[in-house]
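The values are calculated or read from the model by the stated rules, or taken from the named source; none is laboratory data. What you see is a predicted model, and the numbers here were worked out from it, not measured in a lab. So basically every Cβ, Gly included, is an ideal-geometry build from the backbone, and we count neighbours across all protein chains shown.
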Amino acid sequence: MSAAAPYARLSPDAVLAAVEAAGFCTDGRLLALPSYENRVYQVGIEDAQPLVAKFYRPGRWSDAAIAQEHAFAHELAAADIPVVAPLVVAGRTLLRSDGGFRHALYPRCGGRAPELESADHLAWMGRLLARLHGVGSRARFRARGSFDTDTFVHDAARAVLRSGLLPERLHAIYRARTDALAAAVDARFTEVDPMYIRLHGDCHAGNVLWTDGGPHFVDLDDARMGPAVQDLWMLAPSRHALDALLEGYAQFRDFDRRELALVEPLRVMRQVHWAGWVAARWHDPAFPRAFGHVGEARWWEQHVDDLGQALASLQEPV
């Protein structure tokens, strides 16, 4: 399997064959769903609802890490928290195709985006996140890592510096600013000393589907250990929205308001990590097609300027 094109051999026939091998009779319909890190398809099933097949990017997660993601999803579902969990096939959730791709099958669950300007929607999601975190606090991930600067700043920066995308003239200032950001973030986390729990990890509006029965969460692919506020801030476009989320959250779980001081550090970590993620995946043909602007020097100039502003913000008193 080529590292330069990890999904080159994942043809439509290979996707259908993998689903058939799990015991389902496909009808030939195949729809690629939006996903860059993995490959995700809606697959038609004869005389039944379609399934969603998720093919994991080779080399990203270990089998143990994926198993912990799946177990967490099933633990949440068992607690009546609306989350889409993988199907169990012959006693397993992590499957392997003849081509060597690791994959999982999910029921198709539709829905629309949540209304982040609605106080009622935000409070509802706050209540669900509190319950999710209650389950998340019962145990620890041992193989999935955490929200830390080694992963989200230093590793990301190394990927950028190796990629050839960052203009050479910006290397020194980029390295200096990411090192300084990591130190500032670590200092803020040390000051707050938050409790780390199992999280959804990537809880933005695109990973929440709303139906007439309310919201449900999808895609635990980025589940990690971290502070509770990580699952809140991306759903809150304003302080008013965050207050509405926390109002719902408080009905089921106490929230340590000191964690609000971590919102900006977490935002900066995500900013650095996103650039590193794209740089590390640039060899995948899907990434230059989707993020062509990252190949331009002016984007990196703006990114480095943004990191400078973020550093100045983090160095101000909380």
Next item on the list: Considering every residue within the stretch 138-149, establish whether at least one is assigned to a helix (DSSP H, G or I), of a type in the set (Asp, Glu) and outside the structural domain of Leu31 (by TED's automatic domain parsing).
Entry: no
Margin query: Tell me yes or no: at least one residue of the stretch 95-103 is without any contact (Cβ under 8 Å) to a residue 60 or more places away in the chain and not assigned by TED's automatic domain parsing to the domain that holds Cys203.
Written below: yes
Next item on the list: For residues that are more than 11 Å from Ala130 (Cβ to Cβ) and hydrophobic (A, V, I, L, M, F, W, C), scanning just the stretch 239-259, find the one that is surrounded by the most Cβ atoms within 10 Å (Cβ to Cβ).
Entry: Ala244
Note to self: Please verify whether Met125 is closer than 20 Å to Met234 by Cα and either among the acidic types (Asp, Glu) or loosely packed, with under 14 Cβ neighbours inside 10 Å (or both), treating the condition exactly as stated.
What the structure shows: no
Next item on the list: Filter the stretch 281-294 for residues that are assigned to a helix (DSSP H, G or I), under 18 Å from the mean Cα position of the chain (by Cα) and either crowded, with 18+ Cβ neighbours inside 10 Å or without any contact (Cβ under 8 Å) to a residue 60 or more places away in the chain (or both) and give the result.
Entry: Phe287
Check: Residue check, Arg198 against (1) charged (D, E, K, R); (2) out of contact with any Ser or Thr (no Cβ under 9 Å at 6 or more places or on another chain); (3) modelled with pLDDT of 95 or more, all met but one. Which one?
Finding: (2)
Item checked: Of the criteria (1) surrounded by fewer than 19 Cβ atoms within 10 Å (Cβ to Cβ); (2) in contact with a strand residue (DSSP E or B) (Cβ under 8 Å, 6 or more places away or on another chain), which one Ala172 fails -> (2)
Checklist line | Elements of type helices (runs of 4 or more DSSP H) in the stretch 165-278, at least 1 residues being without any contact (Cβ under 8 Å) to a residue 24 or more places away in the chain and aliphatic (A, V, I, L, M) | finding: 171-192, 239-249
Notebook entry, point to check: Would the stretch 298-311 turn up any residue that is surrounded by 14 or more Cβ atoms within 10 Å (Cβ to Cβ) and not in a helix (DSSP H, G or I)?
Noted result: no
Note to self: Can you list residue pairs whose Cβ atoms sit under 9 Å apart, with the first residue in the stretch 56-74 being more than 11 Å from Leu94 (Cβ to Cβ) and the second being part of a helix (DSSP H, G or I)? Count only pairs 6 or more apart in sequence or on different chains.
What the structure shows: Phe72/Val135; Phe72/Gly136
